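**Q** Take a look at this one; I'll ask things after.
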Amino acid sequence: MESTRQKKVARQIQKDLAGILMHKTASIAPGSLISVSLVRMSPDLSYAKVFLSVFPLNDKEAFLKSISIHSSEIRNELGRLVRHQLRIVPDLTF
């Protein structure tokens, strides 16, 4: 059962990640539409499990490899956006 704080932080991270991925789509998956379906937070808010929806998805393994390569950049940009709201920038798992 998620707490109210977990739900609020998850919604904020979902919105911020959607904006970040909108700008990075060309380098991660050219010609695709990436949307953030759901974000689940750990109780201590240090881990975020991010569920993505990609259309059209030609090669699943290539997309997962590409998103893992760019995950540090995505986390860095997320940190800049939430630095005044969160004490710890969560580790992202896609």
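The values are calculated or read from the model by the stated rules, or taken from the named source; none is laboratory data. Note that the structure is predicted; figures quoted are calculated from it, not measured. Note that we place each Cβ from the backbone using ideal geometry, even for glycine, and neighbour counts take in every protein chain shown. Side chains included, ligands, DNA and RNA excluded: accessible areas come from the protein's heavy atoms. Shrake-Rupley method; radii C 1.70, N 1.55, O 1.52, S 1.80 Å.
**Q** Taking all protein chains together and a probe of 1.4 Å, list S37, S71 from the most accessible to the least accessible.
**A** Result of the area sort, largest leading: S37, S71.
**Q** Roughly speaking, to the nearest percent, how much of the chain's 1.4 Å accessible area is carbon and sulfur?
**A** That share works out to 54 percent.
**Q** Let me ask something else. Rolling a 1.4 angstrom probe over the protein chains, ignoring ligands and nucleic acids, what is the accessible area of D16 in square angstrom, nearest 10?
**A** 30
**Q** Kindly report the accessible area of the stretch 20-94 per residue (heavy atoms of protein chains, probe 1.4 Å, no ligands, DNA or RNA), in Å².
**A** Heavy-atom accessible area per residue stands at 66 Å².
**Q** Dipole of the stretch 46-94, Cα-centred, from +1 at each Lys and Arg C-beta and -1 at each Asp and Glu C-beta, to the nearest 20 debye?
**A** My answer is approximately 240 debye.
**Q** Per DSSP H run of at least 4 residues, take -39500 (n - 2.57); add these up for the chain, divide by its residues and hand me the 222 nm value, nearest 500 deg cm²/dmol.
**A** Computed mean residue ellipticity for the chain: -16500 deg cm²/dmol.
**Q** Just to be sure I understand: with springs between alpha-carbon atoms less than 10 Å apart, which residue in I69, I13, I34 has the highest mean-square fluctuation in the Gaussian network model of the chain?
**A** Result for the chain, Cα springs under 10 Å: I69 fluctuates most.
**Q** Additional query: Placing +1 on the Cβ of each Lys and Arg and -1 on the Cβ of each Asp and Glu in the chain, which of Q85, S46, S68 has its Cα farthest towards the positive end of the resulting dipole?
**A** The one lying farthest along the dipole's positive direction is Q85.
**Q** Heads up, I need the accessible area for E77: 1.4 angstrom probe, whole protein in place, Å², nearest 10.
**A** Looks like 60 Å² after rounding.
**Q** Heavy atoms only, 1.4 Å probe, whole protein assembly: order T25, T4, T93 by accessible area, highest first.
**A** Putting T25, T4, T93 in descending order of accessible area: T4, T93, T25.
**Q** On alpha carbon coordinates alone, what is the Rg over Rh value for the chain, Rh being the Kirkwood radius?
**A** For the chain, the value is 0.97.
**Q** A further question on this structure: Report, for the chain, the % of DSSP beta bridges that are antiparallel, rounded to 5.
**A** 75
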